[in-house]
1. Just give me the residues in the range 450-467 being in a helix (DSSP H, G or I), in contact (Cβ under 8 Å) with a residue 60 or more places away in the chain and either outside the structural domain of residue 421 (by TED's automatic domain parsing) or crowded, with 21+ Cβ neighbours inside 10 Å (or both), in sequence order.
2. Can you find a residue in the range 328-344 that is assigned to a helix (DSSP H, G or I), crowded, with 24+ Cβ neighbours inside 10 Å and at pLDDT 80 or above?
3. Can you find a residue that is modelled with pLDDT under 90 and in a loop (DSSP other than H, G, I, E, B) anywhere in the range 253-263?
4. Being outside any helix (DSSP H, G or I), crowded, with 19+ Cβ neighbours inside 10 Å and modelled with pLDDT of 80 or more is true for just one of 314, 319, 291. Which residue is that?
5. Which one of these is part of a helix (DSSP H, G or I), more than 22 Å from the chain's Cα centre (by Cα) and either in contact (Cβ under 8 Å) with a residue 24 or more places away in the chain or surrounded by fewer than 18 Cβ atoms within 10 Å (Cβ to Cβ) (or both): 222, 217?
6. Residue check: is residue 447 under 27 Å from residue 294 (Cα atoms), within 25 Å of the chain's Cα centre (by Cα) and touching a residue at least 24 places away in the same chain (Cβ under 8 Å)?
7. Can you confirm whether the range 518-535 contains a residue that is within 22 Å of the chain's Cα centre (by Cα), surrounded by fewer than 19 Cβ atoms within 10 Å (Cβ to Cβ), touching a residue at least 60 places away in the same chain (Cβ under 8 Å) and part of a helix (DSSP H, G or I)?
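The values are calculated or read from the model by the stated rules, or taken from the named source; none is laboratory data. Predicted, not measured: the structure shown is a model, and the values here were computed from it. Every residue, glycine among them, receives a Cβ derived from its backbone with ideal geometry; neighbour counts consider all protein chains shown.
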């Protein structure tokens, strides 16, 4: 079949009611995610306004990284890599017993590993806290004590993260997407309430706090954050209990499932270890190159950076993933079909061709990745355009956020590679090429770590330079994620077919110049106004226009990319 004929056939298939249903599902998930991220953004604003950027903020931000990193390194990569692919084929086959046994074993193994790990973190909080360097303007004893106190309160988060991710994977494999999008909303509300209460009982200002975490305010801050993680995970038990599965304690998996799970898990862990090593390096570099509040400003900046990724990219990739996994699994299990005879090839109606499972899989992989690339380029344009307004906005809330605007500019190109990591690794995992995906992803994170370290040493050689450190971290992250994205696309072409890159190339060639030009234009215009609220409003309006222009240009160049949503549910 010619590329054009394949595009036409895929577009025709997109008019089904089921396809329109998937568009509705994606829209619903995107809407819930938008609410979640808006609340998450408000949560960062509340943190900036109540916790600030002082000693407590630095200790809180540092300690808050540890439970998530521990969870991700120990089981997070394995869970993200295995649950949906392992369950999707059994769900499609209606094998309730296999689904129940696999989901139960995953949840049991996670608790068996993470509960002792959480206890160990609480016991070893003091020596773990001592491993982090102290900023140039901080009291070393106070900082170490605060980090240790927060770690003891955060230790319970480790198993809670595991419960949440297992249940999310089980629900998504069953195409139940609403609750995993709702619980982050609940979590943000809980954490914002904790911030508000903390601010109310520390009227002298968070930045001036000098007492340890036996005070009421810091207890509220620490335990309130942990309660937010509980709100993220435990409510998922409600929809999980309504599925046609039986969750029970067991560590047993059949041999075939165990082998596949091990292959996927080791690849996932490889990629996640590289990512989490970088995440642990960030506070070290922020403290060595900047001041005590630099890490908090970096986290505020990163919260803005991931907004377009979370609202635009994740819903598309999440909803399409079960279908992609099913198609690629069917194609891998099916023996090659004989080539059609000339009579068979000409038997269909002119201009119509029924897609084989492999053609449908390749088309959906290519077009869905092109769609992810399109919306990530729109996100890059938005970040560039909104960079000045974002710093102006946060400057109204907290003490010193200098460097946030430049950091967003340096981070913006990396959102495309970061989005491709999310999408393409899942495609390759479903296609049985998990190790190849892990190598490309790990290379990108390793490059980000090396380049960020070098950039901090180059731009902030004497330390105590927050803006330069933020910019350096952004540069290293963007280059590393670009390397990962290019490596993954190259791997995708090698593992499937080079033709899957054609729609992606069309989107990049048409969308990237528009994204860069419109984003920079918005940044330049907002810098011409001096009043903070003028910068904020102009940046926001231009960011939307830049995103719309980018998506329009990409859609004109590759109209079938949007059709991936209409074809995803058959």
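1. Within the range 450-467, 452, 456, 466 qualify.
2. Scanning the range 328-344, I find no residue that is assigned to a helix (DSSP H, G or I), crowded, with 24+ Cβ neighbours inside 10 Å and at pLDDT 80 or above, so the answer is no.
3. Scanning the range 253-263 turns up at least one residue that is modelled with pLDDT under 90 and in a loop (DSSP other than H, G, I, E, B).
4. 291
5. The conditions single out 222.
6. Spelling it out, residue 447 is indeed under 27 Å from residue 294 (Cα atoms), within 25 Å of the chain's Cα centre (by Cα) and touching a residue at least 24 places away in the same chain (Cβ under 8 Å).
7. No, the range 518-535 contains no residue that is within 22 Å of the chain's Cα centre (by Cα), surrounded by fewer than 19 Cβ atoms within 10 Å (Cβ to Cβ), touching a residue at least 60 places away in the same chain (Cβ under 8 Å) and part of a helix (DSSP H, G or I).
Yes/no per residue for (1) in the same structural domain as residue 365 (by TED's automatic domain parsing); (2) outside any helix (DSSP H, G or I); (3) under 20 Å from residue 379 (Cβ atoms):
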position: 393; (1), (2), (3): yes, no, yes
position: 398; (1), (2), (3): yes, yes, no
position: 409; (1), (2), (3): yes, no, yes
position: 417; (1), (2), (3): yes, no, yes
position: 420; (1), (2), (3): yes, no, yes
position: 425; (1), (2), (3): yes, no, yes
position: 435; (1), (2), (3): yes, no, no
